Structures are given as C-alpha cells and as structure tokens.
1. Considering only region 121-156, state which residues are of a type outside the set (A, V, I, L, M), open to solvent by less than 50 Å² (accessible area, probe 1.4 Å) and within 25 Å of residue 285 (Cα to Cα).
2. Are there strands (runs of 3 or more DSSP E) fully within region 31-145 with at least 2 residues that are farther than 30 Å from residue 295 by Cβ and outside the structural domain of residue 283 (by the TED database)? List them.
3. Step by step: first the residues of region 164-183, then only those that are in contact with a strand residue (DSSP E or B) (Cβ under 6 Å, 6 or more places away or on another chain) and of a type outside the set (A, V, I, L, M, F, W, C), then the one that is most open to solvent (accessible area, probe 1.4 Å). Which residue is that?
4. Could you tell me whether residue 167 is closer than 28 Å to residue 230 by Cα and in contact with a Leu (Cβ under 9 Å, 6 or more places away or on another chain)?
5. Of all residues being touching a helix residue (DSSP H, G or I) at 6+ places or on another chain (Cβ under 7 Å), open to solvent by less than 10 Å² (accessible area, probe 1.4 Å) and not small (Gly, Ala, Ser) in region 34-69, which is farthest from residue 215 (Cα to Cα)? Just the residue, please.
Amino acid sequence: MGEAVEILLSNNGLSNGLDDQETQKKCCWYEEELDEDLKWSFALNSTLHRGTSEYQDIVLLDTKHFGKALMIDGKMQSAETDEYVYHECLIHPSLLYHPNPKAVFIMGGGEGSAAREVLKHNNIQKVVMCDIDQEVVDFCRKHLSANWEAFRNERLDLIINDAKAELEKREEKYDLIVGDLADPVEGGPCYQLYTKSFYEKILKPKLKDSGIFVTQAGPAGVLTHKEVFSSIYNTLRNVFKYVVAYTAHVPSFVDTWGWVMASDQPFVLEANQIDNRIEERVDGELLYLNGTTFLSATVMNKIVHQGLMNETHVYTEDDARFLRGHGKAYCA
C-alpha cells in the first residue's frame, strides 16, 4: 500500500482523526509528493473526512481551487472541478465505439463516478461495479453528492469483492469491462489487475465477441509516460488485436493522463459518427468529450508516441512498474 496521508498540526503533533474541530479549521495546505525531488501543494478550506480501511487510507478535502477532492493513500483520485474530464474519457469512447452495448463490468470505481457516466447511456441494461473496499464505497456514497443518483439506480449492481475473483467466478460475459482502478502502487491492492496473465486468462474470456476493455493508465506526459502508461499499453498489445491509447490534461492531476482501450474488433468511427452516437445514446450533455476531441486525444506528441511504440516491458506479477508518492495536509 502507498503511504498514508498525514494531518500535521502546528505543534508538530499528529492528529488521530477528525473529531478535533480545530484541526479541521486550521488545515491550510495539502502537499503531494510527485517524485523524490518534486512536490506540489494547494490551499485547503478544511479536511472534511478521514478514514482508514483494511486496504487504504481515505481523505476527503475541501480545497480552495479544486473543490472537494478525494485522496486515497495520499494520491489525488478525483476533484470536484475536473473529475468529469477523467471519467468522460474513461467511459464514453469505448461505449460509443461498441455497436450496441448492454452490459458493463467496472473493476474498482468505488466513488461511483464511472458508474454515473455509464448510466447516462440509454442502451445500457446492467452495470456491475465491483470494488474491493467497502469503506471506500460507503465513504463516497455518503460524501459525494454528485453520485447519489447513480448509487440509487436500479441498473447498478454493487459488489464488494476482489475484481479478479469476481470475474473468475461469473459465467456471464460483458460488452465492456472498465478498469477504474487505483494506480499500481507497490503493496497496493490493484497492481495485479494490470498484468498480462490477468488480461489474458481472466478478463478477456469475460468479454463478448465484440467486447471492449478500457483502463485508466496513469500519467502520460512528456516526462512521465514511461512510468506505467507505456507499459500498460504494450501489455495490452500482447493480448488484444487492436489497442488505442489516448490522453487528456487533468488539472488536479498536474499532468496529462492516459487511458487505453483494447478489443479484437477494430475501432473505426469518424468524428461525426461519434457525435451522432452521443446524440442518440447519451442522456444529457457531455461536458468535455465530442468526436473531434476524442480523435485528437488519440494523437500523441512525438516523444510519447515513440515511447509507446518502443516500449518492450510487459506487466507481470514478478515484473511490475509502480507509481510513487504520498501526501500531507499541513495545518497553520
């Protein structure tokens, strides 16, 4: 597991929770370590909630710049002001490329935002969201009001289990499987769900013939794409016939972010065809994505493109790549 978020007091003591109202009032900055010699910080209004589950540390911050922000193991998971960029990119492209998706399986996604986006599609009949951490799900269901409606939707089947074990035991197959997992962190609960053996032996057999798999794939910037993005992309190229990587800037992640979708069927749609499917299938308006935006997101700059094409590393249980970093909230 990644390192815990620390709530530091002005007297250099360590808060044991959020019962201390003065701690909530005094918190003024959150600092996240991005690398050994690189940190960034943002101002806080308060720390709204903090909890620790069997698997990870969970903190909900009220930030001055990004609104409410969910942190897990000290890493930014989503922020109120821009989470739609991440979740629209994760969910809609693969659903729009699929000719007629009905059933979706989400690995992870405990905050409910991925399910919220899937449920915007009027042709979806069933969404299984499988998260390993009951504490995270309960925490988000209570505190993230934007997803309350999704959690109450009758098409959503919420399962608390390890996604690998859940997929293995299920007999049904899916039109789309989504990897809305935490970043691969050494000792964390998720990194085995990025491996070739998992994709090949467990995940792919659970896809229908025209099925698509999509996963978040970590930082994809000029300086960061080789951390895990290029490796996830190359691992999927060793399992599926057609693999598409795409990126977008997510301000609260302080980087360009990457996603990868994969299938044994080709991805062939023009921008206007994507827009037409959005109009036909999606209830409500997408804030970020349209056909042109998505197709442009699949075009990498020269450095990142070459990094993807030249990558040779394949994720295995014995040879995985991990992201580093943790965070601290400092109180004045």
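1. Residues of region 121-156 of a type outside the set (A, V, I, L, M): 121-123, 125-126, 130-131, 133-135, 138-143, 145, 147-149, 151-155.
Checking which are open to solvent by less than 50 Å² (accessible area, probe 1.4 Å) leaves us with 121, 123, 130-131, 133, 139-140, 143, 147, 151, 153.
Passing the criteria: 121, 123, 140, 143, 147, 151, 153.
2. Per the criteria, 38-52, 57-63, 67-72.
3. By that ranking, first place goes to 173.
4. Values: closer than 28 Å to residue 230 by Cα: yes; in contact with a Leu (Cβ under 9 Å, 6 or more places away or on another chain): yes.
Against the criterion (closer than 28 Å to residue 230 by Cα and in contact with a Leu (Cβ under 9 Å, 6 or more places away or on another chain)), residue 167 qualifies.
5. 47
To keep it simple, each residue is scored yes or no on (1) touching a residue at least 24 places away in the same chain (Cβ under 8 Å); (2) charged (D, E, K, R); (3) not assigned by the TED database to the domain that holds residue 179.
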| site | (1), (2), (3) |
| --- | --- |
| 244 | yes, no, no |
| 248 | yes, no, no |
| 255 | yes, yes, no |
| 289 | yes, no, no |
| 298 | yes, no, no |
| 303 | yes, no, no |
| 315 | yes, no, yes |
| 318 | no, yes, yes |
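The values are calculated or read from the model by the stated rules, or taken from the named source; none is laboratory data. What you are looking at is a predicted structure, and each value in this text was computed from that prediction instead of being measured. Cβ sites come from the backbone with ideal geometry, for glycine too, and all protein chains shown count toward neighbours. Accessible surface areas use protein heavy atoms only, side chains included; no ligands, DNA or RNA. Shrake-Rupley method; radii C 1.70, N 1.55, O 1.52, S 1.80 Å.
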